[in-house]
Amino acid sequence: MERIINVTVNGEFVRKDNKNAGVQGEGNASTLHIELSADWTEYSKRIIWRDALGENPVSVLLYHSVEDLLEEKDPLVFDTSIPSEPLTLAGWCSFTIEGFRPSDPTAVSITVTDYLLVKENDAYSHPAEPTPSQAQQLQIQIDEIIPQVSEIVGEAVDALEQAEEDIKVWVVWDAATKYLPLQKVSRKGSSYICKAACVGVDPVFDVADGVEGNYWLLIAKKGDEGKQGAEGPRGAVGPQGIQGVQGVQGEQGIQGIQGPPGPRGIDGVAVQTYGMVSFNVTEEGHLTCTYTGNEQPNYYIGDDGHLYLDVF
């Protein structure tokens, strides 16, 4: 079972819950769980181990993997194993935590040192496998990160390709569909591109009299219908023919006796008429409808942007 030593660093003061680093000749068997105070936030960090004689220093960089960053783990908490070098000799080995600015790793800005006990091992004869150099450790960390970065990059490329496909497609606007930025729709003969995710926002009303609304951007406006050409000049009126001579009117006869009144006719039935319907586009681009008759005609614009008129 792995041994864990909890270490709390508050500024330049250290508190630990166990003083035993392990047995002489061990290596990477115990882990320091380090929690740093906010004083260390702005610095890069490393821990330097030395044996009981203060020799054989080993530097280990304290870092977070890409996975740790994605999981939003505490940036001031680290887990690091005790390497074999400080456990080579029995006695009190030391560890020093340093904080330095990335621009100058040689200029240490904050540091703290403490000690752990290495117990003597009667059977000790050969030191454990030496801890890899810092360059080797960094290479191992880079090799571990590369697959994670490749996966993240692959997901980003897939998302970009999907977005490119989405913006190539024109669809008729539908009130029940959720639209994402860069998706394009047609509505009542005009074309729009989505600026922000939305559902049920009619681009016609969102854009209104301008070219840009809160959710939609007008790309192409429906063209106005052509105006009727001016009426040509009327031809000249031909000469009037000669009026014929009126015949002689004969004498009026004697009026006869008025007959009795006839029976009353059947009452007429009132019939509703629908008259004529016409559509026109004004110079301002507004569609107007005029009609004759007793009832307003039923006309509407369908989801495909076409104008429909019900004829009875």
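The values are calculated or read from the model by the stated rules, or taken from the named source; none is laboratory data. Keep in mind that what you see is a predicted model, and the values were worked out from it rather than measured. Counting neighbours? That spans all protein chains shown, and the Cβs are built from the backbone with ideal geometry, glycine included. All accessible areas refer to the heavy atoms of the entire protein, side chains included, with ligands and DNA or RNA removed. Shrake-Rupley method; radii C 1.70, N 1.55, O 1.52, S 1.80 Å.
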### Task
Using 0.36 nm per residue of separation minus the Cα-Cα distance, give me the extension gain between A196 and H286 in nm, one decimal.
29.6 nm
### Query
Starting at 0 and stepping by 10 Å, how many percent of the alpha carbon pairs of the stretch 1-68 end up in each bin?
15, 46, 34, 5
### Query
Within the accessible area of the stretch 83-213, what % is carbon and sulfur when the probe is 1.4 Å and the other protein chains stay in place?
58
### Summary
For the stretch 57-184, dividing by residue count, accessible area per residue (probe 1.4 Å) in Å² works out to 63
### Message
Give the residue list of trypsin sites (Lys or Arg not before Pro) in the stretch 1-34 that are DSSP loop and have at most 16 other beta-carbon atoms within 10 angstrom.
### Response
K19
#### Entry: Under Karplus coefficients 6.51, -1.76 and 1.60, residue-wise ³J(HN,Hα) of the stretch 25-34 in Hz, glycine/proline x
x, 6, x, 6, 9, 10, 10, 8, 9, 9
